[in-house]
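Student: I'd like to ask some things about the structure below.
The values are calculated or read from the model by the stated rules, or taken from the named source; none is laboratory data. Note that this is a predicted model, so its numbers are computed, not measured. No Cβ is skipped: glycine too gets one built from the backbone with ideal geometry, and neighbour counts run over all protein chains shown. Only protein heavy atoms, including side chains, enter the accessible area calculation; ligands, DNA and RNA are left aside. Shrake-Rupley method; radii C 1.70, N 1.55, O 1.52, S 1.80 Å.
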Amino acid sequence: MNRRSFLKNTTLTAGLLSLGSKELFAALIQQPAYQLTSLRNDVGIFTEKGGTIAYYLSKDGIIVVDTEFTDPAQHLIAELKKQSNQPFKLLINTHHHGDHTGGNIAFKGLVEHVIGQENCLSNYKRVAAEQKSEDKQLFQDITFKTEWKTKLGKEKIKAYYFGPAHTSGDAIIHFEHANIAHLGDLMFNKVYPFIDKKAGASFKNWITVLDKTIATFSDDTLFIFGHGSKNQVTGGKEDLKGMTNYIEQLLSLVDKQIKAGKSKEEILQITSIPNAGQWNDEFKQLKSNLDAAYSELV
């Protein structure tokens, strides 16, 4: 992985992430050299540094979901051009964070449309304005409220919005023929997640969103996760249930501590979540999870 060229854009990228955690930023860039993995029915994933990218190759064009950062996006574009001479038809963002939209600009002049949930766009523009980096972005030109769908080649692609969770604008992108759904950062697989309270996130509603996801898709749906421990970024409903259980156990633990008279400072010293299963703190987010849970419950 060429970290030198990536670090030239550190200021912009850190701003776009808007995560407030140096440890998380460091963890996000400590990922292996890029890799394309074919999943099924012309849908695959690309991983390098940042949130997992999905792509779909068809005889009528290419669809990409999320873009990581500028360098990975350029690597992806080059690799997909080797596999197809078709144009880039659509770029879809699961949400606004910089490790999912930082590479959007690489598609300027290449892709016909950029799609996102309406809150994704408002959050994206807010962060870019705060960082005075609007000229370095490629914003969504098509937005939706609860659902959006299209067809390309043999695929029907549908986007869902079930409400605030990781942010206020998390979309699920479903490739119906392949039966693959990209969840973005609604899923941090077996690693403590980041929750963006400034962007309207909610742990309580995150549970509802995951429950709706489990109910909406079939048992053989293959899910793509935004992040995963040891780069485990695909899985099934059991993984979603594990994430739901983690959030439930987190809220339950913090609620009990509050009722026991513990202060916020004492609660933030907790080092593990009992009954949550095997989770780790690769992104150094446990304390912020406790903080967010405390603010919701109080």
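Student: Among what's in the range 273-283 and is of a type outside the set (A, V, I, L, M, F, W, C) and at pLDDT below 95, pick the residue that is surrounded by the fewest Cβ atoms within 10 Å (Cβ to Cβ).
Tutor: Step by step, filter the range 273-283, then rank; the result is 278.
Student: If you go through the range 85-100 one residue at a time, how many are within 24 Å of residue 225 (Cβ to Cβ) and either in a loop (DSSP other than H, G, I, E, B) or in contact with a strand residue (DSSP E or B) (Cβ under 6 Å, 6 or more places away or on another chain) (or both)? Spell out the reasoning first.
Tutor: Of the range 85-100, the ones within 24 Å of residue 225 (Cβ to Cβ) are 88, 90-100.
So of that shortlist, the ones also either in a loop (DSSP other than H, G, I, E, B) or in contact with a strand residue (DSSP E or B) (Cβ under 6 Å, 6 or more places away or on another chain) (or both) come out as 88, 90-97.
Residues meeting the conditions: 9.
Student: Right, something else. Among the residues that make up the range 244-261, is at least one of them under 18 Å from the mean Cα position of the chain (by Cα), farther than 26 Å from residue 124 by Cα and of a type in the set (S, T, N, Q)?
Tutor: Within the range 244-261 (the criterion being under 18 Å from the mean Cα position of the chain (by Cα), farther than 26 Å from residue 124 by Cα and of a type in the set (S, T, N, Q)), the answer is yes, since at least one residue qualifies.
Student: Being under 24 Å from residue 186 (Cβ atoms) and open to solvent by less than 40 Å² (accessible area, probe 1.4 Å) is the filter here, so list the residues in the range 120-147 that pass it.
Tutor: Answer for the range 120-147, where residues must be under 24 Å from residue 186 (Cβ atoms) and open to solvent by less than 40 Å² (accessible area, probe 1.4 Å): 120, 121, 123, 124, 127, 128, 137, 138, 140, 144.
Student: If I ask for residues that are open to solvent by 10 Å² or more (accessible area, probe 1.4 Å) and aliphatic (A, V, I, L, M), which ones from the range 46-101 would you list?
Tutor: 57, 77, 78, 90, listed by residue number.
Student: Continuing with the same structure: For the range 256-269, check the following and say yes or no: at least one residue is outside any helix (DSSP H, G or I) and either closer than 20 Å to residue 44 by Cα or in contact with a Leu (Cβ under 6 Å, 6 or more places away or on another chain) (or both). Don't jump to the end; show me each part of the working.
Tutor: Looking only at the range 256-269, we keep the residues that are outside any helix (DSSP H, G or I), and these are 260-263, 268-269.
Still in the list and also either closer than 20 Å to residue 44 by Cα or in contact with a Leu (Cβ under 6 Å, 6 or more places away or on another chain) (or both): 268.
There is at least one residue in the range 256-269 that is outside any helix (DSSP H, G or I) and either closer than 20 Å to residue 44 by Cα or in contact with a Leu (Cβ under 6 Å, 6 or more places away or on another chain) (or both).
Student: Suppose we keep only residues that are among the aliphatic types (A, V, I, L, M) and over 18 Å from residue 290 (Cα atoms) within the range 188-230. Which one would you say is surrounded by the fewest Cβ atoms within 10 Å (Cβ to Cβ)? Even if it seems obvious, please write down each step before you answer.
Tutor: The initial filter retains those residues of the range 188-230 that are among the aliphatic types (A, V, I, L, M), namely 191, 195, 199, 201, 207, 209-210, 214-215, 222, 224.
Filter once more, so that each one left must be over 18 Å from residue 290 (Cα atoms): 209-210, 214-215, 222, 224.
Working: 209: 23, 210: 23, 214: 16, 215: 8, 222: 17, 224: 28.
Restricting to residues being among the aliphatic types (A, V, I, L, M) and over 18 Å from residue 290 (Cα atoms), the top hit is 215.
Student: Next question, about the same structure. Quick one: which residue in 287, 259, 264 is free of Cβ contacts under 8 Å to residues at least 40 places away in the same chain, open to solvent by 60 Å² or more (accessible area, probe 1.4 Å) and touching a Phe, Trp or Tyr at 6+ places or on another chain (Cβ under 6 Å)?
Tutor: Going through 287, 259, 264 in turn, the sole match is 264.
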